[in-house]
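Notes for the one structure printed next.
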Amino acid sequence: MSIKADKWIRRMAEQEGMIEPFEPGQVREVDGRKIVSYGTSSYGYDVRCSDEFKIFTNINSAIVDPKDFDHQSFVDFKGDVCIIPPNSFALARTVEFFRIPRSVLTICLGKSTYARCGIIVNVTPLEPDWEGHVTLEFSNTTPLPAKIYANEGVAQMLFLESDEVCETSYKDRGGKYQGQQGVTLPRA
């Protein structure tokens, strides 16, 4: 990038609609209450988790199969705090809707606040020309229940811009997760 990263992110969000809603600063407090920060950072953007969750449960003794995923393996939950059972996981989505430019690849890493609690945030790269709400996976690697806070920061997006656009984008390939709106389960 030839301009400062935070200015590039602001320009892309404000002029190209890359991130909506967009927070140009770093929010650390809401209504006098400390939160896990979100918004523009030095070289990325800290996303928030919405209040929609799918918590994994194995009450049906299902086998996890990415080609034939049993949707009944999740319990839907909506709320300000999600409790993930020990050694389990939950899916959520970002508050933010992304429109990734054709010359950009986006990588997501978990925030240190959660990592230091044994909570791993997993997101696959956002490819050029992809758009939608990002589905987030939270793995609780601890033997204790773990909390995820809705509408607070959970992960940081890093944007890698090429000096040229890709030959074939995610949209060109007709990617199966293009335009996803809510928490999206595996599709075969």
Inset, instruction - For the chain, find the longest principal axis of its Cα atoms and tell me its angle to the long axis of helix 5-16, 0 to 90°, nearest 10. - result: 90 degrees
Inset, instruction - State which stretch of the chain is the longest one without any exposed GluC sites (Glu not before Pro), exposure meaning a DSSP loop state and at most 14 other Cβ atoms within 10 Å. - result: 1-163
Inset, instruction - Loop only per DSSP, at most 14 neighbouring Cβ atoms within 10 Å: give me the trypsin sites (Lys or Arg not before Pro) in the stretch 131-188, ordered by residue number. - result: ARG173, LYS176, ARG187
Inset, instruction - May I ask you to derive the FRET efficiency for GLN72 and LYS34 from their Cβ-Cβ distance with R0 = 41 Å, giving the value to the nearest 0.05? - result: 0.60
Inset, instruction - Enumerate the residues in the stretch 59-103 having an amide nitrogen under 18 Å from the point lying 7 Å beyond the Cα of LEU160 toward its Cβ. - result: 100-103
Inset, instruction - Based on the mean of other Cβ atoms within 10 Å per residue, sort peptides 112-121, 78-87 so the most packed one is first. - result: 112-121, 78-87
Inset, instruction - Could you quote the convex hull projected area for the chain, Cα atoms only and averaged over all directions, in nm²? - result: 11.3 nm²
Legend entry - At 0.890 mPa s and 25 °C, Stokes diffusion of the stretch 94-144 via Kirkwood alpha-carbon radius, µm² per second: 202 µm²/s
Legend entry - Order of THR57, THR124 - criterion: other Cβ atoms within 10 Å of each residue's Cβ, fewest first: THR124, THR57
Legend entry - Alpha-carbon centroids, the stretch 25-59 and the stretch 123-152: separation in whole Å: 10 Å
Inset, instruction - Apply 1/(1 + (r/R0)^6) to the Cβ-Cβ distance of LYS147 and ASP172, taking R0 = 41 Å, and write down the FRET efficiency to the nearest 0.05. - result: 0.55
Inset, instruction - Mind pulling the per residue volume of the convex hull built on the Cα atoms of the stretch 60-114? Å³ is fine. - result: 169 Å³
Legend entry - FRET E, pair LEU109, VAL27, Förster distance 25 Å, beta-carbon r, rounded to 0.05: 0.85
Legend entry - J(HN,Hα) series, the stretch 106-115, from Karplus relation 6.51 cos²θ - 1.76 cosθ + 1.60, nearest Hz, glycine and proline x: 10, 10, 10, 10, x, 6, 4, 4, 6, 4
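Only the coordinates and a few stated rules stand behind these numbers; no lab work does. Keep in mind that what you see is a predicted model, and the values were worked out from it rather than measured. Backbone-built Cβ (ideal geometry, glycine too); neighbour counts: all protein chains shown.
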